[in-house]
Each structure stands twice: as structure tokens, then as C-alpha cells.
Amino acid sequence: MSGTRVATRWAVFAAAASGTFLGALDLNVVPVAISDMQRAFPGTPVARLSWVTTGYAITFSATLLPAGALADRLGRARVFLAGLSLFTLASIGCAAAGSPAFLIAARLVQGIGGGVLTPLAIALILPAFGAARGLALGLWSATVSAAATAGPAVGGLLVAAWNWRLVFIVTAAIGVPAVLLGIRVLPREPVPDSGEPADLPGAAVLAAALGLACLGLTYGDGTGLAMVVGGAALACLFAARTARHNAPLIRPGLLATRAVWTANVALLLFGMLFFTVQLSNALFLTGPEGHSALGAGLALTPGAVATTVTGYLAGPASARTGPRLVAAAGLAGFGIGAAVLAWASARHLGYASGLLPGFLVAGAGAGAAFTALSGAAVAAVPAAELGAGSALSVASRSVGASLGFAVLGSLLAAHAGGTDAYRTGWWGAALGVAVVVGAVLLIPPGGLRRVG
């Protein structure tokens with residue numbers, strides 16, 4: 001490979017990965033700033049401020065699939081840069097918010113931008129690396145994990161240095177140069193001439209279906225059930241439209257491919273378990289354990305470092321041995337780590353003797369599992385549909401996260417926010433790993449093929 005091509009692929013990686021890092025950093029920074037937001041807006045219930053994260057998750061999830069599918073039709077770099085620009089502008093709006101309503105509204109817009117840029121990063125990176133897809137996948141996963149590593153501690157430091165507004169100022173400060181770099185180096189692929197315009201009405205229906213379903217999962221009553229049913233009805237409408245349209249957003253045959261749907265089912269299930277544990281860890285430290293935002297961030301950092309390391313190593317390993325073995329090993333580690341956390345909380349063990357080992361083992365397992373499953377989800381996707389395939393994998397994980405948040409919310413309500421809620425969540429995640437391993441075993445054997 002020529003030096004020029006090597007330089008080009010690393011420039012593409014830097015531009016696309018900066019967007020990935022930005023989205024992942026924001027996701028992990030904001031939760032530790034919630035308590036400071038409540039102090040800034042006295043009298044605002046925690047349930048309302050929780051929409052700073054919940055609202056973001058809903059619009060993020062609703063945007064993923066339409067963005068990925070439209071990127072395959074309109075150009076991945078163009079759509080990626082549009083999402084990154086929107087995300088950056090919304091960050092500025094969040095920093096300037098003078099009321100909880102404005103802050104939540106800006107976060108909803110930011111979620112749309114995040115839902116556009118996050119799945120398209122890997123769709124831009126993999127074709128640039130060709131046969132070195134294992135290296136690219138490992139580095140991309142390590143980038144996401146590095147953001148998760150930095151997020152809690154950075155969030156705590158920023159809040160301690162000034163207040164929650166600094167979180168969004170820093171996000172915007174990263175976003176501006178990322179946009180400028182992307183404009184300069186990302187390749188502008190030609191727009192496919194399909195003879196049919198992009199199915200924008202179908203994209204709107206799909207976004208509404210995903211958003212309504214995710215919103216319904218945040219409610220535990222009949223209203224939530226009605227929203228989920230409504231989302232399912234819109235999803236059926238989208239499926240009917242897709243079957244009739246000459247140039248559908250998502251080709252039905254892609255969803256029917258065994259390697260694609262099995263990997264995405266595993267991602268959804270593991271996303272539910274992982275994000276339940278992740279949020280439980282943060283809330284347990286700042287709640288029953290009484291840590292400050294900075295203290296909780298620093299306490300969570302070793303586990304996130306473990307996720308970064310194994311995420312990087314799992315990419316090349318999946319390319320050599322196939323993703324099934326790597327994913328199964330990672331899942332086993334995650335399950336053991338979750339069980340350690342539950343056991344440590346039951347025996348009131350301290351951080352070093354109980355919680356830290358659980359964070360490390362669960363984090364290491366999660367890094368390997370997510371990298372392997374993400375690779376498996378796109379391994380069988382044709383190059384022309386890589387945007388849709390990448391978005392589908394992120395959407396599966398995001399829907400799983402929404403399910404996990406809903407489950408944890410129900411547990412907290414049932415146990416009045418006590419330690420039993422977190423312990424139940426940890427044990428549930430440890431036992432639920434067996435179900436995810438079952439889904440992993442359905443993934444066809446084989447390594448990661450060349451993409452692009």
C-alpha cells in the first residue's frame with residue numbers, strides 16, 4: 001500500500017473517529033452533571049431533568065436507521081458532516097440554556113445529530129482500511145471506549161471546575177474542528193443513480209416508529225404500552241411501504257440475512273444488559289455510596305480503561321478467529337463482573353475489595369463483546385449498504401439501552417431507590433448473559449470479510 005493511501009486512510013479515520021469520540025464522550029459526560037443541573041434549576045424534579053438523557057436517547061434511536069439508509073443514497077460523508085454540524089450547534093444551545101425546557105429541547109436536537117454521525121463513522125472507516133478491517137474495527141471500538149473512559153472523570157472535573165454548562169462548551173469546542181477536518185479529508189462518494197428519489201416519507205415513518213417505541217419504554221403504565229403498540233403499528237406501515245417501494249431505505253433481503261439479524265439480536269440483548277449495569281454503577285456510586293460526581297467518575301474509570309484495551313484487542317482477534325468465540329468470551333467476563341458487583345453490594349464490601357474488581361472484569365468483557373458483535377453485524381453487509389447495516393447495529397444496541405433504562409427505572413421505583421434495586425439489576429445482567437450467548441451461537445461461523 002502506498003504511503004499516500006496509508007496517509008489518506010488515517011486522515012479518514014481521524015475525521016470519522018472524532019465524530020464517534022464526540023458522541024460517545026457526550027453520552028458519558030452528561031449523566032454525572034445531572035445533580036448539578038438540579039441545583040442550577042431549583043425546584044425542578046429529577047424525573048423531569050432525567051429527560052436530558054432520556055430525550056437524547058429517544059431522538060438518537062429514532063434517527064439511526066433513517067440516517068444510515070439515507071447516507072447510502074445521498075452520500076455517507078455528506079450526511080455524516082450534516083449530523084456532526086447539527087450536534088455541535090445543539091451543544092452550543094445546551095450550554096446557553098436558561099431553563100430546563102430549553103435544555104431538554106436542545107438535547108433532543110443533539111440526539112438527532114448524534115443519531116446521524118454515530119453509525120456512519122464505521123461506514124466511512126471500514127472501506128478506507130480494506131483488508132486491515134480488524135485493525136480498523138479494534139481502533140474504532142477503542143475510540144468509543146476511550147470516550148467512555150474519559151467521560152465520567154471529565155464530566156466530574158468540568159462540573160467541579162465551573163458547572164454543568166462547561167460540559168457542553170467542551171463538546172462544542174471539539175465539534176468545530178471535527179467538522180472542519182471532515183470537510184477537508186472525507187471522500188465525497190458519487191450518489192448512486194437508482195432512478196428513484198430517496199424515500200423521505202418512509203424515513204419519517206421509521207423515525208416516528210422508533211421514537212414512539214423508545215418513548216413508550218420509559219413509561220411503566222398503560223400510556224407506555226399504548227406508545228409501544230403505536231410504534232409497532234408504524235413499523236408495520238414502514239415494512240409495507242418498503243415492500244412496495246422501488247428504492248426502499250432498507251432492502252428487505254438485508255434484514256433476512258442470517259448473519260445480520262442474529263448479530264443484531266445479540267447486540268440488542270447485550271445492549272439491554274450492559275446499559276443497565278453501566279447506569280446502575282453510576283447511580284449506585286452517587287446514591288447509596290455517597291460519592292461526588294468527580295469521585296464517581298474516577299471510580300468508574302478503571303473499568304472503562306479495561307473496556308478500551310479489550311475493545312482494541314478484540315478487533316484483530318475477531319478477524320483471525322471469527323467474532324463468535326471473541327463475543328462469547330467477552331460475554332462470560334461481563335457476566336462474572338456483574339455477579340461480583342451484586343455479591344459485593346450484598347456483603348457491603350468496599351471499593352477496592354468488591355466494586356473495583358467487578359468494574360474491571362465487566363468492563364473488559366464488554367469491550368470484547370461489543371467489538372466482536374459490531375464486526376459480525378456488518379461482516380455480511382454489501383458495501384453499497386454499509387450505511388444502513390452500520391446504523392442497524394447501532395440501533396439494535398440503542399434499543400437495548402432503552403429497554404435497560406426502562407427496566408432499571410422500574411427497579412428503582414419498586415425499591416424506592418435502595419441498594420436492592422441495583423443488586424437485582426446486577427444479578428439479572430449476570431444471568432441474562434446466558435440468553436445472549438445463545439443468540440451469539442446462532443451467528444454463522446467465519447471471520448470478518450473485507451468491506452469496500
If you roll a 1.4 Å probe over the chain with all protein chains in place, what percent of the accessible area is carbon or sulfur? 72 percent
If each residue of separation counts as 0.36 nm, what is the full-extension length gain between V229 and E189 once their alpha-carbon separation is subtracted? 10.5 nm
With every protein chain present, what is the per residue accessible area of the chain (1.4 Å probe, Å²)? 37 Å²
Please work out the Kirkwood hydrodynamic radius for the stretch 96-143, using every pair of different C-alpha atoms, and report it in angstroms with one decimal place. 12.8 Å
Please report, in debye to the nearest 20, how large the charge dipole of the chain is about its Cα centre when each Lys and Arg carries +1 at its beta carbon and each Asp and Glu carries -1 there. 740 debye
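Rounded if a/c is under 1.5, else prolate if a/b beats b/c, else oblate: with a ≥ b ≥ c from the C-alpha gyration tensor eigenvalues square-rooted, which is the stretch 74-209? Write out the running numbers ahead of the final one.
Numbers: a/c = 2.23, a/b = 1.34, b/c = 1.66.
The shape class here is oblate.
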Prolate/oblate/rounded label for the stretch 234-313 (Cα gyration tensor, a/c 1.5): prolate
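Decide, for the stretch 303-345, between rounded, prolate and oblate: order the square roots of the alpha carbon gyration tensor eigenvalues as a ≥ b ≥ c, take rounded if a/c falls under 1.5, and otherwise choose prolate if a/b is larger than b/c, else oblate. Don't skip to the answer; put the middle values down first.
Values: a/c = 6.06, a/b = 1.87, b/c = 3.23.
Here the stretch 303-345 falls in the oblate category.
Rounded to whole Å and sorted largest first, what semi-axes of the equivalent ellipsoid does the C-alpha gyration tensor of the stretch 302-418 yield via the square root of 5 times each eigenvalue? Before the final figure, lay out each step's value.
On the way: eigenvalues 180, 77, 18 Å².
Whole-Å semi-axes of the equivalent ellipsoid: 30, 20, 9.
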Rg (Å, one decimal) plus Dmax (Å, integer) for the alpha carbons of the stretch 39-154? 16.4, 56
At 222 nm, what value in deg cm²/dmol follows for the chain if DSSP H runs of at least 4 each add -39500 (n - 2.57) and the sum is divided by all its residues, to the nearest 500? -28000 deg cm²/dmol
Contour excess over end-to-end distance, with Cα ends at R78 and D420 and 0.36 nm allotted per residue: 118.3 nm
Would you pull out the residues with amide H under 5 Å of H291's amide H, same chain only if 5 or more places away, H placed 1.01 Å from N? T286
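Taking N as the number of residues in the chain, what value does Rg over Cα atoms divided by 2.2 N^0.38 Å take?
On the way: Rg = 20.6 Å, N = 452, 2.2 N^0.38 = 22.5 Å.
That works out to 0.92 for the chain.
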For a label point 7 Å from the Cα of H348 along Cα→C-beta, name the residues of the stretch 408-442 whose backbone N is under 19 Å from it. 417-424
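The values are calculated or read from the model by the stated rules, or taken from the named source; none is laboratory data. All of these numbers come straight from a predicted model, not from anything done at the bench. Note that each Cβ is placed from the backbone with ideal geometry, even for glycine, and that neighbours are counted across all protein chains shown. Just the protein is used for accessible areas: all its heavy atoms, side chains included, with ligands, DNA and RNA removed. Shrake-Rupley method; radii C 1.70, N 1.55, O 1.52, S 1.80 Å.
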